[in-house]
Amino acid sequence: MRIEVICTGDEVLTGKTINTNFSMISQKLEDVGLAVQWETTVGDDRDNLLLAFQLAGQRADAVIVNGGLGPTVDDLSQEIAAKAAGVELLLDERWVTRMEEYFRSRGRVMPQTTASRHAPCGAELIDNPIGTACGFALTIGKARFMFTPGVPREVRRMIDDQVIPRLLSMAGTQSTIFLSASTRSGWASRVRTPCSPGRGARTRGQRELGFRAHYPQLETKLAVRGRDLAEVRRQLEPVEAEVRRRWATSFSPRMTRRSRAICYAR
């Protein structure tokens, strides 16, 4: 599945705000066997946002848009999403109810300026349990777009609870194992060739092997894609066993080993 991340905001485009949201989103997707193919940063400009949404809708299967949800004049995501999808921008009573509940639970009255109360017609609500700007999902072109606010702690929660489950449902089953060890040159070459067809393995039924070094550890990730969990596990088990066997013969017993398995079923 081809995924694009679009980050919006003049402050991000000009470098006044470091774009840590993108690295967090991309890493979280990689951890569950999903790969980001493109990243686009766009300022608060209607024409440029519209072009970015249209291009992403042509080349991606799923798009995460980060930022631009709120009550101020530079929050344009709802407006431009509706235009790109060719639908009306309407008052969304679900958003109003959700925000009223948010403030009521805190013993406060919702200000009239809190968050945008409008959404593209037909958009799916994506809840934001710790903030005042709800997200939404909408199809633009051939891609499913998922819109999230720019506040880091809010988008992190929404990616975990709302976005990743939707993406996994679109992509099918993922199975991933991690082995961590003190970094040692040559480990990647010892397991890559026999165990994986390489980084191009993005389709169902193929295996993908990836590495991420962060001193003093090297993470090894094996992903197998498919819709049937039993079949995915059947394909994964012999390769996982071979990776672990090579681990045992490549490193001394004193070296730390940590492993975990994650399985997602549609």
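Measuring from label point to label point, each 7 Å out along Cα→Cβ, what is the V73 to D45 span in nm?
Rounded to a tenth, the inter-label distance reads 1.8 nm.
Ranked by accessible surface with a 1.4 Å probe, highest first, in what order do K28, K142, K221 come?
On the way: K28 40, K142 105, K221 15 Å².
Largest accessible area first, the residues go K142, K28, K221.
Assigning unit charges at the beta carbon (Lys, Arg +1; Asp, Glu -1) and nothing else, what dipole magnitude in debye, to the nearest 20, does segment 1-145 show about its Cα centre? Intermediate results must be reported in sequence, preceding the final value.
Numbers: 14 positive and 20 negative charges, 54 e Å.
The calculated dipole for segment 1-145 is roughly 260 debye.
Lys/Arg Cβ at +1, Asp/Glu Cβ at -1, dipole of segment 21-158 taken about the Cα centre: which of F103, P152, N128 is farthest positive-ward?
Towards the positive end, the residue furthest out is F103.
Using the alpha-carbon centroid of each, what span in Å lies between segment 28-77 and segment 114-171?
The distance from the Cα centre of segment 28-77 to that of segment 114-171 comes to 11 Å.
Report the net charge of residues surrounding N128, where surrounding means a beta-carbon distance below 15 angstrom and charges are Lys +1, Arg +1, Asp -1, Glu -1.
That sum, taken over residues with Cβ under 15 Å, equals -1.
Once the dipole of segment 1-80 is set up with Lys and Arg at +1 and Asp and Glu at -1 on Cβ about the Cα centre, which of Q54, Q27, L13 lies farthest towards its positive end?
Of Q54, Q27, L13, it is Q27.
Answer rounded, prolate or oblate for segment 1-43, using the Cα gyration tensor with square roots of eigenvalues a ≥ b ≥ c: rounded when a/c is under 1.5, else prolate when a/b is larger than b/c, else oblate.
On the way: a/c = 4.39, a/b = 1.94, b/c = 2.27.
Oblate.
Under 16 Å from a point placed 7 Å out from the Cα of R2 along the Cα-to-Cβ direction: which residues of segment 130-148 have their backbone N that close?
Within reach of a label on R2: 140-145.
Where does each of 67-75, 13-21 land if you order them by average Cβ count within 10 Å, highest first?
The peptides rank, most packed first, as 67-75, 13-21.
Taking only C-alpha pairs under 8 Å that are 6+ residues apart, what is the relative contact order of segment 90-144 in percent?
Numbers: 54 pairs, mean separation 17.4, N = 55.
32 percent.
Let me check something: with ligands and nucleic acids excluded, how do S23, S77 order by accessible area (1.4 Å probe), largest to smallest?
Largest accessible area first, the residues go S23, S77.
May I ask for the net charge around H118, where only other residues with Cβ less than 14 Å from the Cβ of H118 are counted and Lys, Arg are +1 while Asp, Glu are -1?
Details: positive: K83, R94, R98, R117; negative: D75, E79, E88, D92, E93.
After counting each charged neighbour, the total is -1.
Using R₀ = 35 Å, calculate the FRET efficiency as 1/(1 + (r/R₀)^6) where r is the Cβ-Cβ separation of W38 and R234; round to 0.05. Write down the numbers at each step before the final one.
On the way: r = 33 Å, r/R0 = 0.94.
The value I calculate is 0.60.
Which sequence of V151, V109 reflects their accessible areas, 1.4 Å probe, from the largest down? Walk me through the intermediate numbers first.
Values: V151 65, V109 130 Å².
Ranked from most to least accessible, the order is V109, V151.
The values are calculated or read from the model by the stated rules, or taken from the named source; none is laboratory data. A quick note: this is a predicted structure, and the numbers were derived from the prediction, not measured. Here the Cβ is made from the backbone with ideal geometry for all residues, glycine too, and neighbour counts use every protein chain on show. Areas reflect the complete protein model, heavy atoms only, side chains present, ligands, DNA and RNA absent. Shrake-Rupley method; radii C 1.70, N 1.55, O 1.52, S 1.80 Å.
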